[in-house]
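Report on one structure; see the data block that follows.
The values are calculated or read from the model by the stated rules, or taken from the named source; none is laboratory data. Values in this document were obtained by computation on a predicted structure and should not be read as measured data. Virtual Cβ from ideal backbone geometry, glycine too; neighbours counted across all protein chains shown. Accessible surface is based on the protein model in full, side chains and every heavy atom, while ligands, DNA and RNA are left aside. Shrake-Rupley method; radii C 1.70, N 1.55, O 1.52, S 1.80 Å.
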Amino acid sequence: MDPLSPWTYGRRNVRKILPTVIILTFVVMLVIVILSTLAGLRDSTLVYTREFDEWTLVFPKRDTRLPRTLIQEIAAHPATERVIDSRNCFVRVKTLIGPMPFNLRAARPEEIDYLLKRVNARLKEGALPRPGTSEVALHENIMKANGWSIGREFGIDVDEEDWMPGRFRVVGVLEGPTPIGVCSFDFLNNPLMYAFSAKLWERVVAVAKPGRIGELNAFLRSQKDVKVYDKTRAVDDVVQGFDRIILVFRFISITLIVVVSFVVGLLNSIFFAQRIDEFAVLLAIGHTKRRLFRMVFGETALMMTLSWALGLALGLGLFAAFRGIVLLPRGIPIPFWHAGPLLVSLALPVVAQVFAGMTVLGRLRRIDPVQIIERRG
Amino acid sequence: MLLGHRLSLVYRDAANDVRAVDGVSLDVREGEFIGILGPSGSGKSSLLYLLAGLKQPTSGDVSFAGQVLGGLTQDALAEFRRKHFGFIFQNHFLINHLTSRENIATAGDADSAGLLEELRVAHCRDKFPWQMSAGEKQRVAIARAVVRQPKVIFADEPTASLDRPNADLAVECLRRVTRGGTLFVVTHDESILHGATRVLRMKAGRIED
């Protein structure tokens, strides 16, 4: 084996390379965990916009009622499959960044069946809400996030801090790829059953024919008298908040990468100074500066690769544990793999390598072996 | 074989020019053993480094086997040194994380087992420098210098950091393993130049007559 191979240097100088390896490993781990969690939270929140792949909500702009003619026009549009009368009902969902409202789809029984079918959701446990009752069925993620079980009641009548007037009761748990909640339209629309009914604004769920949601949305957005809440709007609501946080953490990550690269370059420079005799004698006995640069570059590359691999393994391990122990039991279905954090973490060894390489190259160019040999001699 | 023609080496020291080597010419034949003696600062090491191509002369040139060293690029000169020259310094300059065998292999991949035997350091084959005595380290450094059987060996005060018995042993070994190659030894200690074909005495950068 070549005595000047990076592997020989690495395994014989563990104590020397350990500080750099530890720093790099730690930073890679940090970048992976933080950015994967943030990217995951963003993706897991975007899950709640999936229902808008199938339908769009339409609200009145100035009045509490929608113009009848417009509802007829929407129903008659070639991209529309069905228009469902609905009302506003929501539950508070506990998220990592505080309570957020989650809208339920108020509909009649046959329409509830239809909506669930469109988003591949099904009843997992309990029952669907009976018409004219304050019963609701919620997706399992919402139930997990709030730590609820069937029979749980919510609303201002139950808890003054709640946001939804009245009293509602969970009677069923739904499952499927799209988080959804359903309740009775007949109940919310009847002032005799639900005292706040008159105050609730009208809304319709405009369900598109499969694959034609874009066409339907274009039509709805062209209408002056209504507000439209579609996929774009729902995604914007989620992304805006998260992108600001991700931007901040990306900035922190980039700063970390630059600082750590500088530290690694500095450490490399110190190691270089410690090994100056070695380089001087190798140059004197006929090794070229190019060969020495390749040797040191290889040693650094080995160190960077090792640190990145270790940091990646530790980061993913920690993230998997955080996801399994903290997030999933709380109904936050965060995905495990994210390309972004991996790419950002990869920038760390690459930038550090370039920085370290430049430092060594600069010093190697100036080195005079005779001067060093005479000084030590 | 090795020719130094009107070699000068001038350093700039504060405001003054210091002539470390001053117009030295030298013609060395194959197999010669040249001793270079002189007090500190007389320019003997500088002359050695000029002849070895480790320093560029301010004026004059060095040629070996017809090749002018000054005409070579840095990389080509390094390769040339690696191929034809061997070096021994006052300090052993062994690499600490390599064993004796590996240190020798940094000069070339020739078999060093017999050489270590001959230099009486076979038992140090797999030892690291920090596990060896000063004498053993210097003999391993000699092995590194001669392992590729270079045409010329340059030794700069090879015994200066050794006690007398170790110095004698190192010189004896050096003479034995040089095997007909040209040997330059810079030293303060004239006693180690026993058997030299020529002894050059230097003073103020010049060879004294």
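Values for this structure:
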{"item": "Lone unmet requirement of (1) touching an Asp or Glu at 6+ places or on another chain (Cβ under 7 Å); (2) surrounded by 17 or more Cβ atoms within 10 Å (Cβ to Cβ); (3) within 22 Å of residue A:85 (Cα to Cα) for residue A:112", "result": "(1)"}
{"item": "Test result for residue B:51, out of contact with any Pro (no Cβ under 7 Å at 6 or more places or on another chain) and closer than 30 Å to residue A:294 by Cα", "result": "yes"}
{"item": "Residue that is open to solvent by 40 Å² or more (accessible area, probe 1.4 Å), among the basic types (Lys, Arg), modelled with pLDDT of 90 or more and out of contact with any Pro (no Cβ under 9 Å at 6 or more places or on another chain), where the choices are A:82, A:42, A:68", "result": "A:82"}
{"item": "Strands (runs of 3 or more DSSP E) lying entirely in region A:132-207 (those with 3 or more residues that are in contact (Cβ under 8 Å) with a residue 12 or more places away in the chain and over 28 Å from residue A:72 (Cβ atoms))", "result": "A:135-139, A:168-175"}
{"item": "Hey, residue B:129 surrounded by fewer than 18 Cβ atoms within 10 Å (Cβ to Cβ), more than 18 Å from the chain's Cα centre (by Cα) and without any contact (Cβ under 8 Å) to a residue 60 or more places away in the chain or not", "result": "no"}
{"item": "Test result for residue B:171, buried (at least 21 other Cβ atoms within 10 Å of the Cβ), within 28 Å of residue B:98 (Cβ to Cβ) and away from chain A (no Cβ under 14 Å)", "result": "yes"}
{"item": "Selected residue [in contact with a Phe, Trp or Tyr (Cβ under 9 Å, 6 or more places away or on another chain), open to solvent by less than 40 Å² (accessible area, probe 1.4 Å) and away from chain A (no Cβ under 12 Å)] from B:48, B:69", "result": "B:69"}
{"item": "Per-region count, region A:362-377, residues at pLDDT 85 or above and open to solvent by 70 Å² or more (accessible area, probe 1.4 Å)", "result": "4"}
{"item": "Subset of region B:104-126 [under 24 Å from residue B:51 (Cα atoms) and surrounded by 22 or more Cβ atoms within 10 Å (Cβ to Cβ)]", "result": "B:104, B:107"}
{"item": "Evaluation of residue A:35 against (1) open to solvent by 40 Å² or more (accessible area, probe 1.4 Å); (2) modelled with pLDDT under 90; (3) part of a helix (DSSP H, G or I) (one fails), failing number", "result": "(1)"}
{"item": "In region A:250-288, residue nearest to the other protein chains (Cβ to nearest Cβ) [restricted to those that are crowded, with 19+ Cβ neighbours inside 10 Å and among the aromatic types (Phe, Trp, Tyr)]", "result": "A:279"}
{"item": "Of all residues in region A:133-152 being among the hydrophobic types (A, V, I, L, M, F, W, C), over 26 Å from the mean Cα position of the chain (by Cα) and open to solvent by less than 40 Å² (accessible area, probe 1.4 Å), the one that is nearest to residue A:47 (Cα to Cα)", "result": "A:137"}
{"item": "Matching residues, region B:72-97, being more than 7 Å from chain A (Cβ to nearest Cβ), within 30 Å of residue B:126 (Cβ to Cβ) and open to solvent by less than 30 Å² (accessible area, probe 1.4 Å)", "result": "B:85, B:86, B:88, B:94"}
{"item": "Wholly within region B:141-209, strands (runs of 3 or more DSSP E) carrying at least 3 residues that are touching a residue at least 40 places away in the same chain (Cβ under 8 Å) and β-branched (Val, Ile, Thr)", "result": "B:182-187"}
{"item": "Yes/no for residue A:107 being open to solvent by less than 20 Å² (accessible area, probe 1.4 Å), closer than 22 Å to residue A:213 by Cβ and not hydroxyl-bearing (Ser, Thr, Tyr)", "result": "yes"}
